């Protein structure tokens, strides 16, 4: 049975977080001289009121949580956050249609990056920041963030972690989930601040650097300008964006092991990272060659465009520096392929994820070998760990649902 009190309690706490984010955006709006206080004032009141009501109904919650409770909390969080999160767009009038406003914010939280807004440059600073924040918090996970700052949120940290943070290698960091969440979020914050600093040094304004830092590390792709990264007309900014998009596509656990623990051997041995690098570098090399030899671009431009667009599409960020539909159709196919595969599990990127593609490849190869050697015992391993039948079924079911 569902433990409704603990569900109410956790959801109520999460709504306090959304109210805080609204407050940050409202404060920025006041700083920039915006006078429509209702844009974020009303959502703050609604989020606080609903959060308080849910906390009241969950005041007698026991500190136990089942798997169903965890998955329901995560699912409801995305929906509730998006419904309340669309209110600033509706109240301000910049997106008067409910469906389009909900689409915009859900696109942000899921880091999809598709937008229903036009003339982005005319939007107020508070709305632009809110869009970027949806990427950043949605990228690593709203619930995951709450586990990091409130480790005793409901006694079910492990259930929430497994429901939200797919692909993170918990055991390699720390046995306590709350500590693991704090470490990973600290690294996420450090990467974001580094990206923002690089953008600022490359010539962006502070506001643009902050927003694009959120969007880049969150692999969401919302920009403060209609022309996206192309607006800045800067090769340096394009390289910075491409490099940080690539890093954002790496499993956060591996980034932690690399930059904090300096355990290079563990990182190099990771099969998913090797797959990610192989696909990424292969696509960059192929696209560079096509742009140089077929589309007659100079080599430096071809390499930069190939690196940028491969990083943008493979991590499903969606930033653009130019219209790649003007390039040779073979480039389109390569970009579509890497965007479908995606980057690493445990990152903020979308797509199938390299680990699933790698697992399908290994399972398929083992199946064919089994046909040739029916009596042989052919275990399938990934990163030295056995791939169980349950894991295989889960991956194939996931792939089966994608076309629908």
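If you check residue 272 against the conditions, is it assigned to a helix (DSSP H, G or I), modelled with pLDDT under 95 and touching a helix residue (DSSP H, G or I) at 6+ places or on another chain (Cβ under 9 Å)? So residue 272 passes the test. Within segment 270-294, the only residue that satisfies the criterion of being touching a strand residue (DSSP E or B) at 6+ places or on another chain (Cβ under 9 Å) and crowded, with 19+ Cβ neighbours inside 10 Å is 272. A count restricted to segment 54-108 and to residues that are part of a loop (DSSP other than H, G, I, E, B) and either without any contact (Cβ under 8 Å) to a residue 24 or more places away in the chain or exposed (fewer than 14 other Cβ atoms within 10 Å of the Cβ) (or both) stands at 10.
If you scan segment 226-236, which residues turn out to be under 17 Å from residue 323 (Cα atoms) and in a helix (DSSP H, G or I)? Passing the criteria: 228, 229, 230, 231, 232, 235. Among the listed residues 223, 215, identify the single one that is assigned to a helix (DSSP H, G or I) and at pLDDT 95 or above. Sole residue among the options that is assigned to a helix (DSSP H, G or I) and at pLDDT 95 or above: 215. Among residues of segment 213-251 being without any contact (Cβ under 8 Å) to a residue 60 or more places away in the chain and touching a helix residue (DSSP H, G or I) at 6+ places or on another chain (Cβ under 6 Å), the one that is farthest from residue 345 (Cα to Cα) is 240. Taking every residue in segment 370-389 that is in contact (Cβ under 8 Å) with a residue 40 or more places away in the chain and pairing it with any residue that is surrounded by 10 or more Cβ atoms within 10 Å (Cβ to Cβ), at least 6 positions away or on another chain, the pairs with Cβ-Cβ distances below 7 Å are 382/271; 382/358; 382/359; 382/362; 383/270; 383/271. For the residues 199, 256, the requirement of being part of a helix (DSSP H, G or I), buried (at least 18 other Cβ atoms within 10 Å of the Cβ) and at pLDDT below 95 singles out 256. Could you figure out which of (1) under 19 Å from residue 221 (Cα atoms); (2) without any contact (Cβ under 8 Å) to a residue 60 or more places away in the chain; (3) surrounded by 12 or more Cβ atoms within 10 Å (Cβ to Cβ) isn't true of residue 318? Of (1) under 19 Å from residue 221 (Cα atoms); (2) without any contact (Cβ under 8 Å) to a residue 60 or more places away in the chain; (3) surrounded by 12 or more Cβ atoms within 10 Å (Cβ to Cβ), only one is false for residue 318: (2).
Each residue in segment 259-269 was checked for being surrounded by fewer than 19 Cβ atoms within 10 Å (Cβ to Cβ), free of Cβ contacts under 8 Å to residues at least 24 places away in the same chain and assigned to a helix (DSSP H, G or I), and 3 pass.
The values are calculated or read from the model by the stated rules, or taken from the named source; none is laboratory data. For clarity, every value in this text was computed on a predicted model and none was experimentally measured. Methodologically, a virtual Cβ is constructed for each residue, glycine included, from the backbone with ideal geometry; neighbour enumeration extends over all protein chains shown.
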